[in-house]
Amino acid sequence: RDWSSDVCSSDLLDGNWTYVNERLAKQYSIPNIYGSQFRRVELPAELDARRGLLGKGALMTITSAAARTSPVTRGKWFLQTFLGVSPPDPPPNVPAIKEDTTDTTGNKKILTMRETMEIHHKNPTCATCHAIFEPMGIALENFDATGTWRTLDGAAPVDASGTLVDGTKVNGVADLRNYVKRRSGQFVRVVTDRLMIYALGRGTEYQDMPTIRGIVKKTEASKFQFSSLILEVVKSEPFQMNVKTATGKEQRASR
């Protein structure tokens, strides 16, 4: 089956299905899946958090540190992947995040990730920059470092609430997903830009932006189906006129 024929860009955000084998199904708490073969399954209401890309364990894993979550990495990834915005690079000599502390009795206290980040924010420079993307990463804190759903961070309940830089309040992955859905036009432009980069074999420049916006406009009637997006990319002038520059080795071989 050609999945691109009936899949829309919005399915990347809130598609109520996924592909799992037995091992992944256990991680997602999906029953009655056996064997190593991946198959498509519909997600019931109780697995709403697994809808779309934001619910996928692999993506939560690669945006985590080795043994803990990373709201900073996840927030930056979210901005770049879903909204096409790159936050500023950190200033030099940023202090390392302290993960351990002691209580008033001298005993070692295990901090939640949220508490760890709040200590980091005592540096005003860090707090200002982190406000741009960190609340988006905090909203994904119900996923642990391997993408497994959790309600506790150690012994403390997970607090996935926060306020985005534009004042929008979010509390968990569903709110973050809805935030992008309200900006679906921006998300589709990002998807189209990525398809164009893949098709051209190069990064896109400002000269390509009118073409990308035109593709988004042309595919609106089809609800931005992937088949329509791909067809318009192939029909576009940058793709039709794209010429690969021969390497020195290829030039010598042609002589």
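Within the option set TYR206, TYR198, being under 27 Å from ARG50 (Cβ atoms), open to solvent by 80 Å² or more (accessible area, probe 1.4 Å) and either of a type outside the set (Lys, Arg) or in contact (Cβ under 8 Å) with a residue 40 or more places away in the chain (or both) holds for one residue only, TYR198. With respect to the stated conditions, ILE138 fails to be on the phi < 0 side of the Ramachandran plot and modelled with pLDDT under 75. Need pairs with beta-carbon distance below 9 Å; first residue farther than 20 Å from VAL7 by Cβ and among the basic types (Lys, Arg) and within segment 18-31, second open to solvent by 90 Å² or more (accessible area, probe 1.4 Å) and not in a helix (DSSP H, G or I); sequence gap 6+ or separate chains. Close Cβ pairs satisfying both conditions: ARG23/SER36. So, of the residues in segment 141-181 that are open to solvent by 50 Å² or more (accessible area, probe 1.4 Å) and closer than 18 Å to ASN16 by Cα, which turns out to be farthest from the chain's Cα centre (by Cα)? Looking at the filtered set, the residue picked out is TRP149. Condition test on GLY57, is it over 23 Å from VAL158 (Cα atoms), open to solvent by less than 90 Å² (accessible area, probe 1.4 Å), under 19 Å from the mean Cα position of the chain (by Cα) and not aliphatic (A, V, I, L, M)? No, not satisfied.
Of the residues ALA67, ALA45, the single one that is open to solvent by 40 Å² or more (accessible area, probe 1.4 Å), out of contact with any Leu (no Cβ under 9 Å at 6 or more places or on another chain) and under 18 Å from LEU176 (Cα atoms) is ALA45.
The values are calculated or read from the model by the stated rules, or taken from the named source; none is laboratory data. If you're wondering where the values come from, they're calculated on a predicted model, not measured in any experiment. Heads up, the Cβs are rebuilt from the backbone with ideal geometry, glycines too, and the neighbour counts pull from every protein chain shown. Surface areas here come from the heavy atoms of the whole protein model, side chains and all, with no ligands, DNA or RNA. Shrake-Rupley method; radii C 1.70, N 1.55, O 1.52, S 1.80 Å.
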